[in-house]
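Chemist: I'd like to ask some things about the structure below.
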Amino acid sequence: MSKVFKKTSGNGNIALYLGRRDFVDHLDSVDVVDGVIKVDPSDLNGRKVFVYLACAFRYGSDELDVIGLSFRRDIWVQRVQVYPPTGESINKTPMQESLLKKAGEQGYPFSFQMPTNLPCSVSLQPGPNDAGKACGVDFEVKGYIANEADNADEVIEKKDTCRLMIRKIQFAPANNKAGPKADITKQFMMSDKPVHLEASLEKEIYYHGETITVKVKINNETTKVVKKIKVSVEQLTNVVLYSSDTYVKAVCSEEFGETVNASSTLEKSFQITPLLANNKEKRGLSVDGRLKDEDTHLASTTLSQGEKEMQGIIVSYKVKVNLMVPAGKPNRKNLFYP
């Protein structure tokens with residue numbers, strides 16, 4: 001193991017060990033979160049040691065918590081007791097075997113299996129002047145000392161806890177399926193013939209930083225001239241918590257100067273590359289969850305939703321083609337919404 005992630009409680013009685021902090025959603029299953037917690041029982045005073053894994057949606061900064069309100073909602077939580085041992089048989093993973101060598105005789109393994117209907121780690125990009133932790137979906141492994149696993153009346157002091165943030169990341173399998181295709185026919189006033197527009201993509205899945213090729217076919221049967229072609233990519237963020245809200249933000253947009261004269265056709269491919277580097281100032285844009293201040297990407301499309309309705313943040317993308325056609329006054333008519 002090249003690196004071990006470790007976090008110790010304030011009183012030094014417990015310490016979390018993880019061999020990695022990225023766990024992959026494989027569509028039909030999610031990587032097991034396996035780790036070890038080291039326990040010094042000398043100062044527990046009859047209390048127990050628990051570990052939990054929580055998926056939570058943070059919808060407000062900690063700085064807003066001025067009247068005891070929490071701007072965080074747990075979507076899914078699972079707890080296990082690690083000390084005293086419950087006697088349950090545990091099949092140790094190779095990762096845990098390695099971590100136990102680091103933790104020594106006071107190490108106790110734990111593991112969690114996340115369901116497939118949890119969202120992946122997503123952050124909403126803050127504005128240039130925003131402070132505090134970004135809103136979004138995050139995952140946390142926490143060890144704590146308490147009398148009971150989950151008692152709302154029991155106060156757990158900060159010095160009795162240790163925590164590590166982890167990420168659930170989306171795996172996109174390669175496939176050879178043809179990409180989506182859409183078409184539209186637009187009839188103009190004072191014209192008895194329409195404009196036909198068809199747009200298609202080469203494939204279904206594109207990876208971070210990959211150029212998207214959009215094939216466009218235009219059959220202009222009108223007497224008007226198509227002056228420009230605009231190709232854009234929009235990010236759709238569906239926030240599902242107490243209600244469902246969808247936010248749409250353009251992440252890439254380019255205009256091309258090709259013209260299509262009256263009673264003529266055009267068939268051409270256009271290439272665009274959506275990048276987070278070109279959208280750093282857009283507040284509320286969904287990005288892949290990050291640990292500390294490391295670089296990240298535009299949020300991955302949510303591919304796996306399991307059998308149950310997913311809560312949190314669901315992300316998708318739409319490619320859009322617009323034809324710019326003067327109509328009397330220089331108005332622009334949007335012709336294609338795939």
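Chemist: Skip the ligands, DNA and RNA, and give the accessible area per residue of the chain with a 1.4 Å probe, whole Å².
Modeler: Per residue, the chain has an accessible area of 54 Å².
Chemist: If you plug each phi of region 40-47 into the Karplus form 6.51 cos²θ - 1.76 cosθ + 1.60 with θ = phi - 60°, what whole-Hz ³J(HN,Hα) values come out, in order, with x for Gly and Pro?
Modeler: Ordered by residue, 3J(HN,Hα) equals 9, x, 5, 10, 7, 6, x, 7 Hz.
Chemist: Given Cα pairs under 8 Å that are at least 6 residues apart, what percent is the relative contact order of region 125-237? Working shown, then result.
Modeler: Working: 122 pairs, mean separation 19.4, N = 113.
Computed value for region 125-237: 17 percent relative contact order.
Chemist: Which whole-number percentage describes the relative contact order of the chain, with Cα contacts under 8 Å and a sequence gap of 6 or more? Don't jump to the answer; show the numbers that get you there.
Modeler: Details: 810 pairs, mean separation 63.3, N = 338.
Averaging sequence separation for qualifying contacts and normalising by length gives 19 percent for the chain.
Chemist: Shifting gears a bit: For helix 94-103, what angle does its Cα long axis make with the longest principal axis of the chain, in degrees from 0 to 90 and rounded to 10?
Modeler: Helix 94-103 and the main axis of the chain meet at about 50 degrees.
Chemist: Continuing with the same structure: Please go through the residue pairs Lys230/Lys320; Lys227/Lys280; Lys48/Lys158; Lys280/Lys320; Lys193/Lys320; Lys224/Lys320 and name each one whose alpha carbons sit more than 19 Å apart in this structure. It would help to have the intermediate numbers written out before the result.
Modeler: Details: Lys230/Lys320 8 Å; Lys227/Lys280 31 Å; Lys48/Lys158 15 Å; Lys280/Lys320 22 Å; Lys193/Lys320 23 Å; Lys224/Lys320 22 Å.
Checking Cα-Cα distances, Lys227/Lys280; Lys280/Lys320; Lys193/Lys320; Lys224/Lys320 exceed 19 Å.
Chemist: Still on this model: Taking the alpha-carbon distance from Lys38 and a cut-off under 17 Å, which aspartates and glutamates remain once sequence neighbours fewer than 8 residues away in the same chain are dropped?
Modeler: Here the aspartates and glutamates satisfying the reach criterion relative to Lys38 are Glu97, Glu105, Asp160.
Chemist: A further question on this structure: Considering only protein heavy atoms, what is the solvent-accessible area of Glu258 at a probe of 1.4 Å, reported in Å² to the nearest 10?
Modeler: Spelled out: Glu258, probe radius 1.4 Å, area about 50 Å².
Chemist: Follow-up question, since we're still on this one. Using a 1.4 angstrom probe on heavy atoms only, work out the carbon and sulfur share of the accessible area of the chain in %. Walk me through the numbers before you get to the answer.
Modeler: Numbers: 8590 of 18310 Å².
Roughly 47 percent, rounded to a whole number.
Chemist: Provide the per-residue ³J(HN,Hα) series for region 146-154, in order, calculated from phi with Karplus coefficients 6.51, -1.76, 1.60 and θ = phi - 60°, each as a whole number of Hz, with x at glycine and proline positions.
Modeler: With coefficients 6.51, -1.76 and 1.60, one gets 7, 7, 10, 5, 8, 10, 4, 8, 8 Hz.
Chemist: Amide H neighbours of Ser29 under 5 Å, counting only residues 5+ apart in sequence or on other chains, H built in-plane at 1.01 Å?
Modeler: Hits under the 5 Å cutoff: none.
Chemist: At 222 nm, what helix-only mean residue ellipticity would the chain give, in deg cm²/dmol to the nearest 500, using -39500 (n - 2.57) for each DSSP H run of four or more? Walk me through the intermediate numbers first.
Modeler: Numbers: 1 runs with 10 residues, N = 338.
Only helices count here, giving -1000 deg cm²/dmol.
Chemist: Using the Cβ atoms and a cut-off under 14 Å, what net charge is assigned to the surroundings of Phe171, where Lys and Arg are +1 and Asp and Glu are -1?
Modeler: -3
Chemist: Aspartates and glutamates within cross-link reach of Lys282: Cα-Cα under 15 Å, excluding same-chain residues under 8 positions apart?
Modeler: Within reach: Asp130, Glu234.
Chemist: Near Lys102, which aspartates and glutamates are there with a Cα under 18 Å away, not counting those fewer than 8 places off in the same chain?
Modeler: Asp34, Asp40
The values are calculated or read from the model by the stated rules, or taken from the named source; none is laboratory data. These numbers were taken from a predicted model, which means no experiment stands behind them. Virtual Cβ from ideal backbone geometry, glycine too; neighbours counted across all protein chains shown. Note: areas computed on protein heavy atoms with side chains; ligands, DNA, RNA excluded. Shrake-Rupley method; radii C 1.70, N 1.55, O 1.52, S 1.80 Å.
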